[in-house]
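What follows is one structure encoded as structure tokens, with my remarks underneath.
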Amino acid sequence: MGLTDVLFGRKKLKGPATERLFAISTARITLEAELNLKSAGAAAVVFKSQSSGEFVRSENELTQLLEVTSVQSGSKVERKTDSFGYDWIVVRDGDFEDLVTTVHLIGDELQSRGFGPQLLAATFKFEDRGGKPVFWIYGYKRGAFWPFVPTGKDQERDNAEELELKAKLEKELPIEQDLTRWLALFDAPL
């Protein structure tokens, strides 16, 4: 960071921490065995798209790579845009390890093409025995997870259950300690 950056309040954003994403693979055992949360077979990478030609070219290359990956792993991949203008690359796969690997691949590819700052989060959908959704969200900038439990009423979340999940998985997952950074993704197309 240079003097002009300090004077004008600009700072370089830290690159995404993609490797810590794999912690969800080992935490899945606890999620299933102790918390009765099963993978819904869906996950996504959320990012802010840009209109530059280079970004469009990179996304086209990523789409081609994902098509090849989906053939090998059996994952189904689709792209959606939410009401806030964020793009979602949604991955569906019954094999949780393939799901995590494909999500990691998407994040790595976007980062390697210079678009790491546009990565917002990866989200993994789980369901309890009654079919209620529980999301584990991975924030790329901070390299940490947090739970998101929508109540199903408007845009309300179950804070008590989120804090309980945090306490039960702190030893297995890198958990975001600053609760003000726990984004709610009500618009998740999963």
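The values are calculated or read from the model by the stated rules, or taken from the named source; none is laboratory data. These numbers come from a predicted model, not from an experiment. FYI the Cβ positions are ideal-geometry reconstructions off the backbone, even for glycines, and counts take in every protein chain you see. Protein only, heavy atoms only, side chains kept; ligands, DNA and RNA dropped before computing areas. Shrake-Rupley method; radii C 1.70, N 1.55, O 1.52, S 1.80 Å.
Couple of notes before you dig in:
- Accessible surface area normalised per residue over the range 46-190 is 49 Å², counting heavy atoms of protein chains with a 1.4 Å rolling probe.
- Lys76/Glu34 FRET efficiency (R0 25 Å; Cβ-Cβ; nearest 0.05): 0.30
- Between Lys168 and Arg20, the contour length at 0.36 nm per residue exceeds the alpha carbon distance by 51.5 nm.
- Volume per residue of the convex hull around the Cα atoms, evaluated for the range 66-190, comes out as 125 Å³.
- Residue range of the chain that is longest and free of chymotrypsin sites (Phe, Trp or Tyr not before Pro) which are both DSSP loop and sparsely packed (at most 16 other C-beta within 10 Å): 85-185
- Peptides ranked, highest mean first, by Cβ atoms within 10 Å: ranges 99-110, 149-160: 99-110, 149-160
- Surface composition of the chain: carbon plus sulfur atoms contribute 51% of the solvent-accessible area (1.4 Å probe, protein chains only, all chains present).
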